[in-house]
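Notes for the one structure printed next.
The values are calculated or read from the model by the stated rules, or taken from the named source; none is laboratory data. Keep in mind that this is a model prediction, so the values were computed, not measured. Here Cβ is always computed from backbone atoms with ideal geometry, including for glycine, and neighbour counts include all displayed protein chains. To get the accessible areas, we keep the full protein, side chains included, count just its heavy atoms, and leave off ligands, DNA and RNA. Shrake-Rupley method; radii C 1.70, N 1.55, O 1.52, S 1.80 Å.
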Amino acid sequence: MVSATTWSAFWEMLMPGDLDADAAEFQTAATEFLQQLDRALTSLPMSEREAIVRETSQHLVERRTDDGIAAAWASLRSFGPPETYAAEFIGDRFDRSELMQPTTSDSSPNSFRNTVAICVTVVLVLALLAAGAFLFRG
């Protein structure tokens, strides 16, 4: 987890000089957001967590540098609450790891019954279609 002192040094390095009131307020809000994001990502490995926080902070700095403080505020707000933003990464990681799991066949009795029911339904539908075609051919 990154300390407040570390974030302050980070922001000072990226946005040096005297900050006006709005820029100082943005710096404080962004620091709090990034700290909360870091805490919300604790279920991820440290390397992933650091990469996510670093990319998020770089995005905010780029918006601030390239487009001004209003764009940086808009970008920060667009992330939503830190916990919600973190959940996107955690959920994405879970979804990807779930896809890599080997599939197993379900040999339960319910699975067999469901398969038989589907087959019977398909056969009945095909029989009805054939009967209809036979009766209404003209």
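Filtered by the rule that a residue be among the acidic types (Asp, Glu) and open to solvent by less than 20 Å² (accessible area, probe 1.4 Å), the range 21-67 gives a lone residue, Asp38. For the range 60-75, the set of residues classified as part of a helix (DSSP H, G or I) and not β-branched (Val, Ile, Thr) consists of Leu60, Glu62, Arg63, Arg64, Asp66, Asp67, Ala70, Ala71, Ala72, Trp73, Ala74, Ser75, listed by residue number. The number of residues in the range 42-76 that are free of Cβ contacts under 8 Å to residues at least 40 places away in the same chain and closer than 11 Å to Ala30 by Cβ comes to 5.
For the range 77-89, a residue qualifies if it is open to solvent by 20 Å² or more (accessible area, probe 1.4 Å) and either under 14 Å from Phe33 (Cβ atoms) or free of Cβ contacts under 8 Å to residues at least 40 places away in the same chain (or both), and the qualifying residues are Arg77, Ser78, Phe79, Gly80, Pro81, Glu83, Thr84, Tyr85, Glu88.
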